[in-house]
Amino acid sequence: MRHLSIIAAALLFFTSTVNAAVTEDAYIAGYAAGILKHGFKVEIPTLIVRDGIITVPANKLTPDNRISIVQALAQIPGVTGVTVSENIAGGPAQRDAFKPIQQPAATSRGPAPEEAVASEGVPAAGPAVLATGMLPEGHLFKPLLADPRWAHFSAAYRNYVGNNIDGNSNGAVSFGETIPFYRGNFGKSTVQWEAGLQAAVFSDFNLGAPSADLINTDFIASAYGSMRAGNFSAFGRIYHQSSHLGDEFLLRRLTNFERINLSYEGADLRLSYELPYGLRVYGGGGGIFHKEPSTIKPWSIQYGVEFRSPWRIESVSMRPIAAVDIKNHEQNNWNADVSARAGVQLDHFQAFGRKLLFLVEYFHGNSPTGQFFRQRVDYLGFGAHYHF
């Protein structure tokens with residue numbers, strides 16, 4: 001009940017931020033219209049702003065001013081991205097797919113909330129050019145939805161089938177995030193790069209024990225660099241991971257468990273490409289070094305596919321998502337570790353680029369829980385995931 005209360009309180013908070021975010025979109029729309037009109041002599045009656053992302057019709061831009069306009073709009077306070085869309089560049093039928101914003105004066109906050117959003121059910125216009133500078137919002141490389149060790153905030157219940165790490169009824173939580181420190185463009189192009197830190201803590205608990213004993217905690221910290229060129233993005237990092245068993249677990253299993261002092265540094269690279277209609281494919285690999293125990297084999301590969309629906313379910317303000325992530329480790333004879341998740345993303349609980357997801361999950365393979373990496377497990381679960 002305590003966990004349910006926390007989730008309910010979070011939902012109330014997210015709901016309260018939606019109207020404020022929409023009003024901010026209307027302000028950005030007026031600000032952008034002023035820059036376009038007075039700075040570039042361009043008037044766009046169908047300018048759209050949603051969740052801080054400005055969508056500009058391609059037919060209003062020229063090869064000479066396109067990059068300059070995108071970069072100027074990206075610098076507006078509160079803007080998280082700029083998209084140039086062909087979908088609103090054509091005739092009346094194409095323009096009607098979007099609901100135009102009524103442009104306010106730059107200091108006005110007056111338009112009604114429904115005037116600040118595009119009509120629902122329209123596929124995403126395409127990749128956005130994000131704001132640049134220190135501590136920017138958003139990410140060039142989208143989070144991997146089904147990766148059990150992607151840094152984010154989450155809480156999940158997992159029921160182990162057959163073999164388990166400690167009891168069949170487990171709870172898993174994570175605390176962490178990917179934080180960009182600086183983002184820039186390569187020259188005058190719209191190809192972007194960013195650098196920052198990614199860190200997270202992953203903990204597992206035995207919910208069947210009298211005090212919900214802590215089983216294991218993994219700490220991961222890294223310095224990363226990423227880039228994006230249109231629908232293509234890349235993410236590379238150098239990281240440290242260490243694994244630590246819980247005190248209660250050690251007291252109960254002292255005589256029949258071999259503790260491993262698991263600690264290592266590593267480097268990896270992932271490449272991603274976003275296809276039409278919300279599909280995404282990615283792949284990559286990496287290796288570890290300064291490893292303990294020293295006998296661990298270093299190499300691994302990772303690949304997967306994701307679906308983020310570009311259409312939203314009107315009646316409940318949510319969109320379906322699904323993802324499968326697969327890892328093969330040399331240490332485990334290249335056996336596949338399969339993580340699959342599916343559920344919904346609540347769009348009305350989004351503010352400043354944050355997203356709340358409810359996902360069912362399935363895992364089959366060697367446990368992602370550090371100390372138990374040699375143990376094959378299967379589990380089913382359900383969790384809440386929060387991405388900045």
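Relative to one another, the C-alpha centroids of segment 286-303 and segment 138-200 are positioned 20 Å apart. Applying Stokes-Einstein at 25 °C and 0.890 mPa s to the Kirkwood radius of segment 148-203, computed over alpha-carbon pairs, gives a translational diffusion coefficient of 174 µm² s⁻¹. Of interest is the spacing of the C-alpha centroids, which for segment 319-388 and segment 226-252 amounts to 13 Å. Only protein atoms count toward the accessible area here, which uses a 1.4 Å probe; on segment 256-388, the carbon and sulfur part of that area reaches 64 percent. In the full protein context, segment 188-275 carries 46 Å² of accessible surface per residue, based on a 1.4 Å probe and ignoring ligands, DNA and RNA. Each residue of segment 74-82 was assigned a 3J(HN,Hα) from its phi angle through the Karplus expression (A = 6.51, B = -1.76, C = 1.60, θ = phi - 60°), giving 5, 8, 5, x, x, 7, 9, x, 10 Hz with x at Gly and Pro.
In a simple Cβ point-charge model (Lys, Arg +1; Asp, Glu -1; nothing else charged), segment 284-388 has a dipole of about 120 debye relative to its Cα centre.
Which FRET efficiency value, to the nearest 0.05, is calculated for residue 376 and residue 223 with the Förster distance at 35 angstrom and r the Cβ-Cβ distance? It comes out at approximately 0.60.
The values are calculated or read from the model by the stated rules, or taken from the named source; none is laboratory data. None of the values given here were measured: they were computed from a predicted structure. So basically every Cβ, Gly included, is an ideal-geometry build from the backbone, and we count neighbours across all protein chains shown. Ligands, DNA and RNA are stripped out before the accessible areas are found, and what is left, the full protein with its side chains, is counted by its heavy atoms. Shrake-Rupley method; radii C 1.70, N 1.55, O 1.52, S 1.80 Å.
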